[in-house]
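The values are calculated or read from the model by the stated rules, or taken from the named source; none is laboratory data. Since this is a predicted model, take the numbers as computed values, not measurements. Positions of Cβ are generated from backbone atoms using ideal geometry, with glycine treated the same way; all protein chains shown enter the neighbour counts.
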Amino acid sequence: MTLLQLHHVQRTYQPNSTHPVQALKDISFDVQLGEYIAIMGESGAGKSTLLNIIATLEKASGGEVILNKQNLSHFTADEAARFRREHLAFVFQHFNLLDSLSNRDNIYLPLVLASQPLKLMQERIVPLIQSLHIEKIIDRYPNDISGGQQQRIAIARALITHPNLILADEPTGALDSNTSQEILALFDHINKKGQTILMVTHSAAAASHAKRTIFIKDGRIYHELYRGNDSYSA
Ligand code: ADP
Ligand code: ADP
């Protein structure tokens with residue numbers, strides 16, 4: 001089943017100025033439910049712009065983005081915010097946890113903001129604590145745990161909403177290589193269980209975990225790799 005479709009997406013910043021910036025020129029690709037995709041490209045290639053558009057944080061200047069059968073281009077700001085809460089979750093390079101809340105309350109937060117009952121949060125956190133190995137840190141605070149542990153908490157916070165799509169922006173960018181491997185193993189695990197993941201990364205090691213890598217340059221897709229059983233094939 002197709003989860004996400006981008007159809008000739010363009011994004012121009014400062015369109016009326018003397019120097020408009022065409023951050024995205026013509027981007028088309030589909031994402032099937034359950035895929036694990038890496039997006040790579042040099043700084044300035046348009047990766048953040050692309051992620052922001054899929055995240056409904058920014059609108060395309062042209063083309064169409066259809067996520068879960070809904071056309072994002074037609075949303076008002078309120079509709080976008082609701083859609084984001086219900087369908088998407090984010091994992092960031094710097095974890096973005098709230099230091100004033102316990103790890104458990106950080107994980108609950110998206111459901112608190114969506115006015116969901118405590119009972120639902122308590123039910124949903126149980127399998128997450130187990131599969132993400134966060135039993136020992138769940139009632140501590142973000143300041144009090146390592147970067148890799150913070151990213152585990154952030155992944156739990158993403159998964160607790162049962163999102164259709166996880167958008168990860170350099171999720172291993174602030175971690176050492178051993179810890180990165182642990183986090184990437186977690187992404188492998190949650191993808192195997194059916195979670196769709198779209199990850200922007202500079203790391204070839206991280207991208208090698210995805211089954212498909214899309215390379216963008218100067219606002220266009222210039223290369224795509226599919227990883228077979230053991231090796232890459234174009
Ligand atoms: P990286 O260049 O990110 O360290 P690799 O050296 O493993 O990644 O390259 C993986 C493949 O992607 C190579 O065939 C490389 O030529 C190609 N590639 C080309 N341009 C880029 C780019 N801007 N970012 C990542 N990979 C690229
Ligand atoms: P990446 O994430 O691959 O580094 P970005 O999507 O951040 O690339 O940026 C793509 C291009 O759009 C760059 O030339 C960048 O300078 C430009 N850009 C990004 N955001 C803005 C903005 N708000 N206003 C003007 N130009 C922007």
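Remark: pairs (first residue in region 128-152, modelled with pLDDT of 95 or more; second residue surrounded by fewer than 12 Cβ atoms within 10 Å (Cβ to Cβ) and not in a helix (DSSP H, G or I); Cβ separation under 6 Å; 6+ apart in sequence or on different chains) = Pro142/Asp99; Asn143/Asp99. Quick check on region 19-44: of everything there that is within 16 Å of ligand 1 (Cβ to nearest atom) and within 15 Å of the chain's Cα centre (by Cα), which residue is nearest to Gln5 (Cα to Cα)? Restricting to residues being within 16 Å of ligand 1 (Cβ to nearest atom) and within 15 Å of the chain's Cα centre (by Cα), the top hit is Ile37. Of the numbered criteria (1) of a type outside the set (Ser, Thr, Tyr); (2) over 20 Å from Gln195 (Cα atoms); (3) at pLDDT 95 or above; (4) surrounded by fewer than 19 Cβ atoms within 10 Å (Cβ to Cβ), the one His162 fails is (2).
Here Lys47 meets the list (1) more than 16 Å from ligand 1 (Cβ to nearest atom); (2) under 27 Å from Ser203 (Cα atoms) almost entirely, failing just condition (1).
With the condition kept exactly as written, say whether any residue in region 51-71 is touching a Lys or Arg at 6+ places or on another chain (Cβ under 9 Å), among the hydroxyl-bearing types (Ser, Thr, Tyr) and either within 16 Å of ligand 1 (Cβ to nearest atom) or not in a loop (DSSP other than H, G, I, E, B) (or both). No: region 51-71 contains no residue that is touching a Lys or Arg at 6+ places or on another chain (Cβ under 9 Å), among the hydroxyl-bearing types (Ser, Thr, Tyr) and either within 16 Å of ligand 1 (Cβ to nearest atom) or not in a loop (DSSP other than H, G, I, E, B) (or both). For region 16-43, the set of residues classified as assigned to a loop (DSSP other than H, G, I, E, B), touching a residue at least 24 places away in the same chain (Cβ under 8 Å) and either among the polar types (S, T, N, Q) or over 21 Å from Asn71 (Cβ atoms) (or both) consists of Gly34, Gly41, Glu42, listed by residue number. Identification of helices (runs of 4 or more DSSP H) wholly contained in region 139-227 with 1 or more residues that are farther than 20 Å from Ala55 by Cα and away from ligand 1 (no atom under 16 Å from the Cβ) yields 147-159, 177-192. Within region 41-64, the set of residues being among the hydrophobic types (A, V, I, L, M, F, W, C) and under 16 Å from Gln22 (Cβ atoms) comprises Ala45, Leu50, Ile53, Ala60. I'd like to verify a number: residues in region 199-215 that are out of contact with any Phe, Trp or Tyr (no Cβ under 7 Å at 6 or more places or on another chain), surrounded by 15 or more Cβ atoms within 10 Å (Cβ to Cβ) and among the hydrophobic types (A, V, I, L, M, F, W, C), how many? Going through region 199-215 one residue at a time, the tally reaches 4.
Given the structure, is Arg124 more than 28 Å from Ala207 (Cα to Cα) and surrounded by 17 or more Cβ atoms within 10 Å (Cβ to Cβ)? When the stated conditions are applied, Arg124 passes them. Sub-8 Å Cβ pairs linking a first residue in region 221-234 that is at pLDDT below 50 to a second residue that is in a strand (DSSP E or B), at least 6 apart or interchain, are Ser233/Leu225; Ser233/Tyr226; Ser233/Arg227; Ala234/His223; Ala234/Glu224; Ala234/Leu225; Ala234/Tyr226, ordered by first then second residue. Using the structure shown, decide if Gln181 is out of contact with any Asp or Glu (no Cβ under 7 Å at 6 or more places or on another chain), of a type in the set (S, T, N, Q), buried (at least 22 other Cβ atoms within 10 Å of the Cβ) and farther than 16 Å from Ile37 by Cα. For Gln181, the condition - out of contact with any Asp or Glu (no Cβ under 7 Å at 6 or more places or on another chain), of a type in the set (S, T, N, Q), buried (at least 22 other Cβ atoms within 10 Å of the Cβ) and farther than 16 Å from Ile37 by Cα - is not met. Specify the residue that is modelled with the highest pLDDT; the eligible residues are those in region 71-110 that are under 15 Å from Asn164 (Cβ atoms) and of a type in the set (Phe, Trp, Tyr). That would be Phe90.
When Gly63, Gly34, Gly46 are checked against the criterion of being out of contact with any helix residue (DSSP H, G or I) (no Cβ under 7 Å at 6 or more places or on another chain), at pLDDT 95 or above, surrounded by 15 or more Cβ atoms within 10 Å (Cβ to Cβ) and over 20 Å from Ala210 (Cα atoms), Gly63 stands alone in meeting it.
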